[in-house]
Amino acid sequence: MTYERPHLRALAGYVPGIQPREPTVKLNTNENPYPPSASVDATLASLSSNILQRYPDPLAQRFRVAAACLHDLSPGHVIATNGGDELLRLALTTYLDPGLPLGLLTPSYGLYSVLAAVHGAPLIAVPLRSDWSLPTDTVDRWNASAVPLAIITNPHAPSGTLLSVAELDQLARSFKGVLLIDEAYIDFVDQERGHQTSRLVKTYPNVLLLRTLSKGYSLAGLRLAYGLGAPDLIAPMLSKTRDSYNVDTLAQLIGTVALDDTRGAAQTWEAVRASRAQLLEELTRLGFDCTPSQANFLLAAAPTGASRPSAEELYRALMAQGIYVRWFDEDRLRDKLRISIGTPEENAQLLDGLKRTFE
Ligand SMILES: *Cc1c(COP(=O)(O)O)cnc(C)c1O
């Protein structure tokens, strides 16, 4: 006997990366390898349990003001959510009528298609080209199927490649539905690219940006993210589809402190960028073929050749040594490892682990 709705019975849920409890080298879920900024630490240390007695501000107003300031927008452009994952779910609930299709690129973050399946939405999934770039007819294909909502990841996961703001402009202009740009990894983009996207939400009524404090701000455990969009696009999520108290008091408080002081976090982004360049070089020397990445991870194709271990074998051999990376049993990813950038010490342990496996 099952009471589950029929379409859920056959659905395998999203499977997150392993969260090991014992001390390990954890390079499997793209967390920031450095702790949150000192001001977050000081705020946490100063808190009393009194702050939990009452309900939180339902609209997370102070946090929205902090986010608006950071992006030179107004609070009406901002919605706070319980992690980016909640914003993704809200986008489906708010913009996608049951039965209508969700636009996607494949491969991408596995949660998108799980949320679509739960929602009962078919997919119009456009496969990325072999260099991970977008087919030129992507938007035409979505428009031809009257897709009301499409999600792209930029920097892309799991490749780490980045679409320029000019390319995003083009997509936003030609797409007829809501374009959700998942910017979970945007903080790690090289500074010299000058990749600033917040003006897109002033220009286009159909662009929704997803930002999260999980990766850039080292706050994955806090569960706090936000969406940026035109006030008319954001309003129905604020007033209708979200839970009244979707972001708890602690998250609002800590998140506001984190956004008011981005300097500490920015130092970690710079350290991650430097390690990313170095790790790419060292993996290449070991025979991996790495996609150049603007995120805090590398997608590395395992060395090929007779008697070389497969990506899956490398993944398992590393795990046996307490080193966790991600391997996806999925087309175009089966021959690759996705490796989060760690501290220099962790990256060195990863390289040692790989060398031991190759011996
Ligand atoms: C991590 C991640 C998110 C959001 O994560 P939260 O922890 O829920 O904020 C969204 N999209 C992608 C592609 C991610 O990797």
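The values are calculated or read from the model by the stated rules, or taken from the named source; none is laboratory data. What you see is a predicted model, and the numbers here were worked out from it, not measured in a lab. Here the Cβ positions follow ideal geometry from the backbone for every residue, glycine too, while neighbour counts run over all protein chains shown.
Yes/no per residue for (1) in a loop (DSSP other than H, G, I, E, B); (2) in contact (Cβ under 8 Å) with a residue 40 or more places away in the chain; (3) under 20 Å from the mean Cα position of the chain (by Cα):
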residue: Gln196; (1), (2), (3): yes, no, yes
residue: Lys215; (1), (2), (3): yes, yes, yes
residue: Leu222; (1), (2), (3): yes, no, yes
residue: Ser239; (1), (2), (3): no, no, no
residue: Ala251; (1), (2), (3): no, yes, yes
residue: Val272; (1), (2), (3): no, yes, yes
residue: Ala277; (1), (2), (3): no, no, no
residue: Glu282; (1), (2), (3): no, yes, no
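The sole residue among Leu104, Leu87, Leu11 that is within 16 Å of the ligand (Cβ to nearest atom) and either in a helix (DSSP H, G or I) or at pLDDT below 95 (or both) is Leu87. Assess whether Leu73 counts as being more than 16 Å from the ligand (Cβ to nearest atom), surrounded by fewer than 19 Cβ atoms within 10 Å (Cβ to Cβ) and aliphatic (A, V, I, L, M). Judged against the criteria, Leu73 is not a match. The conditions of being touching a helix residue (DSSP H, G or I) at 6+ places or on another chain (Cβ under 7 Å) and either closer than 20 Å to Trp142 by Cα or surrounded by fewer than 23 Cβ atoms within 10 Å (Cβ to Cβ) (or both) are met by His195.
The rows are residues; the columns are (1) surrounded by fewer than 23 Cβ atoms within 10 Å (Cβ to Cβ); (2) within 16 Å of the ligand (Cβ to nearest atom); (3) modelled with pLDDT under 95.
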position	(1), (2), (3)
Ala144	yes, no, no
Leu149	no, yes, no
His156	no, yes, no
Thr161	yes, yes, no
Val165	yes, no, no
Ala172	yes, no, no
Lys176	yes, no, no
Gln191	yes, no, no
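Could you tell me whether any residue of segment 46-55 is surrounded by 13 or more Cβ atoms within 10 Å (Cβ to Cβ) and farther than 18 Å from Thr343 by Cβ? There is at least one residue in segment 46-55 that is surrounded by 13 or more Cβ atoms within 10 Å (Cβ to Cβ) and farther than 18 Å from Thr343 by Cβ. The single residue among Lys240, Lys215, Lys202 that is charged (D, E, K, R) and either within 11 Å of the ligand (Cβ to nearest atom) or buried (at least 18 other Cβ atoms within 10 Å of the Cβ) (or both) turns out to be Lys215. For the criterion of being within 20 Å of the chain's Cα centre (by Cα), within 14 Å of the ligand (Cβ to nearest atom) and assigned to a helix (DSSP H, G or I), Ala80 fails.
Only one of the numbered conditions (1) surrounded by 21 or more Cβ atoms within 10 Å (Cβ to Cβ); (2) out of contact with any Lys or Arg (no Cβ under 6 Å at 6 or more places or on another chain) is violated by Met319, and that is (1). Applying the set (1) modelled with pLDDT of 95 or more; (2) farther than 16 Å from Leu208 by Cβ to Pro98 leaves exactly one unmet item: (1).
When the residues of segment 90-101 are filtered to those that are in contact (Cβ under 8 Å) with a residue 40 or more places away in the chain and out of contact with any strand residue (DSSP E or B) (no Cβ under 9 Å at 6 or more places or on another chain), which remaining residue is farthest from the ligand (Cβ to nearest atom)? Among residues in segment 90-101 that are in contact (Cβ under 8 Å) with a residue 40 or more places away in the chain and out of contact with any strand residue (DSSP E or B) (no Cβ under 9 Å at 6 or more places or on another chain), the one farthest from the ligand (Cβ to nearest atom) is Asp97.
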